[in-house]
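Right, one structure below, let's go through it.
The values are calculated or read from the model by the stated rules, or taken from the named source; none is laboratory data. What you see is a predicted model, and the numbers here were worked out from it, not measured in a lab. Backbone-built Cβ (ideal geometry, glycine too); neighbour counts: all protein chains shown. Accessible surface areas use protein heavy atoms only, side chains included; no ligands, DNA or RNA. Shrake-Rupley method; radii C 1.70, N 1.55, O 1.52, S 1.80 Å.
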Amino acid sequence: MALEIALGAAALLAAVPRLRRRLQLSRAKHPSLAGHSRLAKRVARLVPGYSYGENEFFGIDGAPVEVQARRRHGFELLSRHLHETAPETLALTAQTREGLSDLQLTGRYRVPFQFSEHARSKLPIGAFWQSASGVQLQDLDGNLYYELTGSHGVNVLGVDFYKSCMEEGAILGSALGPVLGGYHPCVAEVVERLCKISGQDEVSFHMSGTEAVMQAVRLARYHSGRKHLVRFTGAYHGWWEDVQPGPGNPLPPRETYTLRDMDERALQILRTRQDIACVLVNPLQALHPNRNAPGDSTLVDGSRSAGFDRAAYTGWLQRLRQVCSERGIVLIFDEVFVGFRLARGGAQEYFGVQADLVTYGKTLGGGLPVGVVCGKAELMRRFKPGRPADLCFARGTFNAHPYVMGSMLAFLRRLDAAEIDSIYQGLDQRWVAHAQRFNQALREAGLPVRIDAMSSIWTVSYSQPSRYHWMLQYYLREQGLALSWVGTGRFIFSLNYSDQDMDEVMRRFVGACCRMQADGWWWSSPDLTLQSIRRGLLREMLQRRLGLA
Ligand SMILES: Cc1ncc(COP(=O)(O)O)c(C=O)c1O
């Protein structure tokens, strides 16, 4: 008996450090669903699918009948405008949707799902463009729109800039055509320039940002002999399993820790655990730490918020750098989005912190698809001289395609040109000033809308609760402003926007907000609070789930 008690006590004692570590890990997770991938997946599976009928569509917030009538009228006018101005664009979109799964997804998730069916049928958004120049796009019906989509972030320096890079790349690569395996001679200069601009020793080429991230993580695991990667809550690093452990990925999280961003508790985990190979940082998160990328489909109550504090984020990266160095953890900056946008030398230069590995993509291909890893020689090596059978394999048929390499070289060479240099000079101040002017105009017009900016990447926040903020994307479209499928969650400007262009975009933006306000979508009442909206939504979902509605 005494022996059993002693054994039990010993087992308990042995378990204490494990329990403590587990508790520490729990505390280092952000309390939101975004911080708990497993739970978020479970909750996502429980959400029932349903759509609002017409009455609910216009009055789900309890607005008076008169306000609902204004909404209906405004909605009708918008619907007519969208249909009448772009018939060819819409016809081709409808025709193609059936066979193009991506179009079905993006079309469905533009707005909160309860509103999606009605909005889709009455407020169609065309998915085709026939041309682009300056800062504008033209649809198949000849309508011009200011380009705020940034082509997923690729378009940093203006579409004409990329057209000329692509042309130069095609001319350079054309003598080789599709020859792969061996390299076009331009690769030598590309490698040299990339090492210089990234401050790293070596380079590897891939076909997308996702692949570059996969390779960086694989290298970190290979050299450290550890399994786990750390990502911060809400950060996007492409669609590969390990970096997308929550909803959207059918597999459960594996060797991934999702920790609180900008939080001492996360550093404590890095200091104490032995199994962490690398930390992935997407500096875009500085605009909305610990939150998922903002999209209008999640704008269910109006509680989107953001805010960029460069000094605070710089301090955070410095502390992270120090802990990673002390613990032999590979610090990876994922600059696929922000590379070459915040500064010529990317986030490393902008925040003054050097990473061990850096991933690039998007804009670096000069308009063609690419992913790149730059890093320290000892981390980039894919073999161990002392253990010849222990490789870190990474290849890819289309890596270093001659046209892509040519276009990338054109991109990198142009970064040295005086006119590009002048774009980067005073970049931050210029874009902060643009955002401030927008905010002043919005304040003066008495609109419940605010811009939060991280240089040329903007997001729209709303200063009052509402079920209808997402409607703004359609008013913006009507005013000739083209957004991506995440709507007002993200505007990505190219850096060739002139002051005059920005004045015009501001005029249209404020005009769209005024129209939306006049049409009654921002009706408010003391009873309409974030809590009451959330409670109502929960009740509604429970009723549908239990078959009571
Ligand atoms: C920070 C970051 N990493 C990785 C990726 C994935 O890149 P790709 O879409 O080229 O695979 C993205 C794409 O948006 C990104 O923003």
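Once you charge only the Cβ atoms, +1 for Lys and Arg and -1 for Asp and Glu, what is the size of the charge dipole of the chain about its Cα centre, to the nearest 20 debye? All intermediate terms of the calculation are to be shown ahead of the outcome.
On the way: 64 positive and 53 negative charges, 503 e Å.
With only Lys, Arg, Asp and Glu charged at Cβ, the dipole is about 2420 debye.
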Exercise. Roughly how big is the stretch 150-259's charge dipole about its Cα centre, with Cβ charges of +1 (Lys, Arg) and -1 (Asp, Glu), in debye to the nearest 20?
Worked result: 500 debye
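Rounding to the nearest 20 debye, state how big the charge dipole of the stretch 477-546 is about its Cα centre with +1 on each Lys and Arg Cβ and -1 on each Asp and Glu Cβ. Can you show the working numbers first?
Details: 10 positive and 8 negative charges, 126 e Å.
The dipole magnitude comes to about 600 debye.
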For this session: Please calculate how many Å² of accessible area the chain carries per residue, with a 1.4 Å probe and no DNA, RNA or ligand atoms counted.
Result: 45 Å²
Problem set entry | Cross-link table 163/362; 196/384; 163/196; 196/362; 41/362; 362/384, entries beyond 22 Å C-alpha to C-alpha | 196/384; 163/196; 41/362; 362/384
Exercise. If amide H atoms are built 1.01 Å from N in the plane of the peptide, which residues on other chains or at least 5 residues away come under 5 Å of the amide H of residue 157?
Worked result: 495
For this session: Find which of 25, 87, 47 sits farthest along the positive direction of the dipole of the stretch 22-102, computed with +1 on the beta-carbon of Lys and Arg, -1 on that of Asp and Glu, about the Cα centre.
Result: 25
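Mean residue ellipticity at 222 nm from the helices of the chain, using -39,500 (n - 2.57) per DSSP H segment of n ≥ 4 over the full residue count, to the nearest 500 deg cm²/dmol? Walk me through the numbers on the way to the answer.
Numbers: 20 runs with 254 residues, N = 549.
Value at 222 nm, helices only: -14500 deg cm²/dmol.
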For this session: Report the full-extension gain for the segment residue 390 to residue 56: residue separation times 0.36 nm, less the Cα-Cα distance, to one decimal in nm.
Result: 114.1 nm
Exercise. Using the alpha-carbon centroid of each, what span in Å lies between the stretch 136-158 and the stretch 170-227?
Worked result: 29 Å
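Which percentage, to the nearest 5, of the DSSP beta bridges contained in the chain is antiparallel? Show your work: numbers first, answer last.
Values: 25 of 41 bridges.
Taking every DSSP beta bridge within the chain, about 60 percent pair in antiparallel fashion.
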Seminar exercise, completed: Residues whose built amide H sits under 5 Å from the amide H of residue 278, excluding neighbours closer than 5 in sequence, are 230, 330
